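Visitor: Got a structure here, written out as structure tokens. Questions coming.
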Amino acid sequence: IVRLAIECMGIEDKSQRIEQFFVKLDELLEITAKQLCNRYNFQKTALAKQFPLLMSALWSGCENLKPNDTIERVINQGTLGIGFIGLAECLKALIGEHHGESAKARKLGNEIVKFMRDKCDAYGQEYNLNFTCLATPAEGLSGRFTNIDRAIYGKIKGVTDKE
């Protein structure tokens, strides 16, 4: 979400900047949900005999699968997670403050997370699978993303200026 916000920073009008951010976020969430479903559709074709340890007790009902049965009936209990990192930096890029600095930023941060959560709920209904929205510190990934964004966009105060 930080990269999406950075891409919108050049839009002078703040309401248009935020609107464009949500358009970009919506597009990215759609791609992500489709990719997760594609991965699930591939994984569900695997046979129980390929996963003897996992079939011993991990999924409810796995004991009822025969070795040549696909694992679809048991992996559909799992969760397809759409995660995000960098809400504070995203908000700094969008409005110049993060959720700990102003009520306005906190409100927008809540709107962003709610938007993502609502989209995950809609994907759950659309695909009949369990989707969730996850906030994660993702320490290794966040550093990598920050380095990439810094290389592309330079140092942006409060956004890409930290390790």
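The values are calculated or read from the model by the stated rules, or taken from the named source; none is laboratory data. From a predicted model like this one, the values you see are computed outputs, not experimental measurements. Cβ atoms come from the backbone with ideal geometry, glycine included; neighbour counts cover every protein chain shown. Ligands, DNA and RNA are excluded from the accessible area calculation, which covers all protein heavy atoms including side chains. Shrake-Rupley method; radii C 1.70, N 1.55, O 1.52, S 1.80 Å.
Visitor: Hey, can you find the accessible area per residue of segment 29-151 for me, probe 1.4 Å, expressed in square angstrom?
Guide: So segment 29-151 comes to 59 Å² accessible per residue, rounded to a whole number.
Visitor: With charges set only on the Cβ (+1 for Lys and Arg, -1 for Asp and Glu), what does the dipole of the chain come to about its Cα centre, in debye to the nearest 20?
Guide: Dipole of the chain, to the nearest 20 debye: 240 debye.
Visitor: Of all trypsin sites (Lys or Arg not before Pro) in segment 27-92, which ones are in loop regions per DSSP and have a Cβ with at most 14 other Cβ atoms within 10 Å?
Guide: In loop regions of segment 27-92 (DSSP not H, G, I, E or B), the sparsely surrounded trypsin sites (Lys or Arg not before Pro) are K44.
Visitor: Here's something else I'd like to know. Roughly to the nearest percent, how much of the accessible area of segment 100-163 is carbon and sulfur, given a 1.4 Å probe?
Guide: 54
Visitor: Still on this structure, I have one more. Quick one: which residues, 5+ away or cross-chain, put their amide H under 5 Å from the amide H of G78? H built at 1.01 Å from N.
Guide: none
Visitor: Which shape class, rounded, prolate or oblate, goes with segment 1-134 when its Cα gyration tensor gives a ≥ b ≥ c as root eigenvalues, a/c under 1.5 marks rounded, and past that a/b bigger than b/c marks prolate?
Guide: Because a/c hits 1.5 or more and a/b exceeds b/c, segment 1-134 counts as prolate.
Visitor: Name the aspartates and glutamates eligible as straight-distance cross-link partners of K24: C-alpha to C-alpha under 18 Å, and not fewer than 8 places from it in the same chain.
Guide: E7, E12, D13, E89, E111, D118, D149
Visitor: Relative contact order, percent, of the chain when contacts are C-alpha pairs under 8 Å separated by at least 6 residues?
Guide: About 24 percent, as a whole number.
Visitor: Right, here's the next one. Reachable lysines from K49, Cα under 26 Å, same-chain residues fewer than 8 places away excluded?
Guide: Answer for K49, where 26 Å is the Cα cut-off: K66, listed by chain and number.
Visitor: When Lys and Arg each count +1 and Asp and Glu each count -1, what net charge do the other residues less than 11 Å away from N41, Cβ to Cβ, add up to?
Guide: Charge balance near N41 sits at +2.
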